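Here is the structure we will look at, set down as structure tokens.
The values are calculated or read from the model by the stated rules, or taken from the named source; none is laboratory data. Small disclaimer: the values here were computed from a predicted structure and weren't measured. Cβ: placed from backbone, ideal geometry, glycine included. Neighbour counts: every protein chain shown. The area values use the complete protein model at the heavy-atom level, side chains included, leaving out ligands, DNA and RNA. Shrake-Rupley method; radii C 1.70, N 1.55, O 1.52, S 1.80 Å.
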Amino acid sequence: ARRERLSGLLLIGPALLTIRSTISFATGSPFFYFLQPTLGNFAVGMLFLLSVLLGRPLVRRLASNLCPLPAHVLTVLWALVNIANGTTALWGLLSSSLNGVLVARTAGSLTIVATAITLSYFWFRQSLRAEGLTLHWGPAA
């Protein structure tokens, strides 16, 4: 039997969840459990913005195989998505109960991400049109 190397993400995810849970359990505070991914949102948002400033937008690396998208604009959009998600979660953590945090994170994240997906979709359609391509939904003719 051939042993395949495990994905780094597959190893990092459970490790981070274990660390989050351990810190939360040790402190007895759900605040610290929710603070860590909130800080992660800010870090990812800043990483997206930094990639634009360095002239190497991350969205270009993630989406270049699909369609020539306006990478700088989309990278800034998804940086702002992460920062807005982090801001919503942090606001909830600092000003509300655990139930309030869960509602604020869920509702805020769904709204923010749905808006960004919609904008990304329309930019995708616009870039297709600029290339003279048309997207048709349904069975192939």
DSSP loop trypsin sites (Lys or Arg not before Pro) with at most 10 other Cβ within 10 Å: longest gap in the chain: 6-141
Accessible area of the chain divided out per residue, in Å², using a probe of 1.4 angstrom: 70 Å²
Heavy-atom accessible surface of segment 88-139: percent carbon and sulfur, 1.4 Å: 67 percent
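Semi-axes of the equivalent ellipsoid for the chain, please: Cα gyration tensor eigenvalues, times 5, square-rooted, ordered largest first, whole Å.
Value: 33, 21, 16 Å, ordered largest first.
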